[in-house]
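Since the structure comes first, as structure tokens, the remarks are kept for the end.
The values are calculated or read from the model by the stated rules, or taken from the named source; none is laboratory data. Just so it is clear, the model here is predicted, and its values are computed rather than measured. Reconstructed Cβ throughout: ideal geometry from the backbone, glycine too, with neighbour counts over all protein chains shown.
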Amino acid sequence: MDFRAVILLLVFVGYPWVSVPSAAVRTSGEDYVRPPPRATLNLPSRRTKQSSDPQQVHISLAGGKHMRITWVTSSEASTSVVDYGKLRGKYTSTSMGESTSYTFLFYKSGKIHNVVIGPLEDDTVYYYRCGGEGPEFHLKTPPAQFPITFTVAGDLGQTGWTSSTLDHMDHCDYDIHLLPGDLSYADYQQHLWDSFGDLIQPLASARPWMVTEGNHEKELLPLFSSEFRSFNARWKMPFEESGSPSNLFYSFNVAGAHIVMLGSYTDYDQYSDQHNWLKADLSEVDRTKTPWLLVLFHVPWYNSNRAHQGEGDDMRASLEPLLYAAGTDLILTGHVHAYERTAGPCGALHITIGDGGNREGLATRYLDPQPDWSAFREASFGHGELKIVNGTHSLWTWHRNDDDEPVRSDQVWITSLASSGCLSRRPDKLEFGKISVAHRSVDHVRNYQ
């Protein structure tokens, strides 16, 4: 038995001196320890030998009026083709695509299909089937104009709380789901990517899911697997369509919003590809066409929870001046397993929403006293809804999952910076204070109440 085989054996039998890396439960510099984990759902795998049945179906925007359909099959003989039309069982168009697969130690994925369909009409229901046979699915394209509604939940995982969050989202009349990192919580156990795909399929096959990566997607195994192998194979986002060199950061336009998805776990310094791409992307934003500018990434920059204090400081120092100069309206993050919303004058509203239902539990300990810039904070599972009503106003609502009921816990009206007039009155550059991360100045966050 060679050295590599010995290492693999030790990894899988779980010897204490050689174990699969996982997310830390104790944060650096703080004494916070998360509550005991909540068990992952015991979801049976639907993978069978030589099956062409589409599994783990999800859709995403693919630039312009196009949609990407992604699914997995067990059979290598299955074809990457999607038939679609506007009537049940009547398919007037067909698109061909491509497929891929990957290995991770002893695991080999199914055949992962990616097919882009379109051009599609706005705000329209389409019926489709994958692989030329099998069950029929349906999707609804987003509207071309306001109003448009997004659901938002990060750090989903696949627990009973995840199911509760998904059930509540399913009762919303939304157009797109935004996920700021930490999807399956597979953490090297690749079959959990499969069960996660099956869990979310009822929602993700019907509305676009636009995601960015979190720390649980890294899955780095030196000598054996590069970072984000599973994530990049399973969740292809429209990075090429937005001129990005990486699936880990990209942007897209929908209705009257420009939405930027950034990577907290790829280089972001001033010489990095991400920094250069972001600078170029923001320079092309036309606020007369997209009056709303939204940004998502995983690690929050403003956080009064004891969990993950200071982890976003380096990224903030590098990228926040670009987002400030562009007049970003709203920044949505995850990572901290709780909910928090900032308040203050004339700048991006920051919302942490890493409360989708993951197995690690909630981050229940906060800094005391509550900083002035923190308008609302609570350690509960839930999801958010952002309804952009028009070019000037949107309504943000956070629904708490209490006793498996969606309780409306926090709600606030937001005025777009482009329409408020405050952009012309504030300093051209963001001034960084010398105050600690927990009590820094709030010159660039605003109060809407």
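Structural remarks
- Single residue of VAL152, VAL115 found to be touching a strand residue (DSSP E or B) at 6+ places or on another chain (Cβ under 8 Å) and more than 30 Å from LEU395 (Cβ to Cβ): VAL115
- Pairs are defined by a Cβ separation below 8 Å, a sequence spacing of at least 6 or placement on different chains, a first member in the stretch 219-230 that is closer than 15 Å to ALA186 by Cα and not assigned by TED's automatic domain parsing to the domain that holds THR103, and a second member that is in a helix (DSSP H, G or I) and among the basic types (Lys, Arg); the pairs so defined are GLU219/ARG229.
- Residue count for the stretch 79-111, restricted to those that are part of a loop (DSSP other than H, G, I, E, B) and more than 27 Å from PHE196 (Cα to Cα): 5.
- Yes/no for ASP173 being surrounded by fewer than 21 Cβ atoms within 10 Å (Cβ to Cβ) and among the acidic types (Asp, Glu): yes
- Some residue of the stretch 134-146 being aromatic (Phe, Trp, Tyr), modelled with pLDDT under 95 and not in a strand (DSSP E or B): no
- Boolean, THR288 is in contact (Cβ under 8 Å) with a residue 12 or more places away in the chain and closer than 23 Å to SER419 by Cβ: no
- Residue match in the stretch 331-346 (condition: at pLDDT below 95, surrounded by fewer than 20 Cβ atoms within 10 Å (Cβ to Cβ) and closer than 30 Å to SER272 by Cβ): yes
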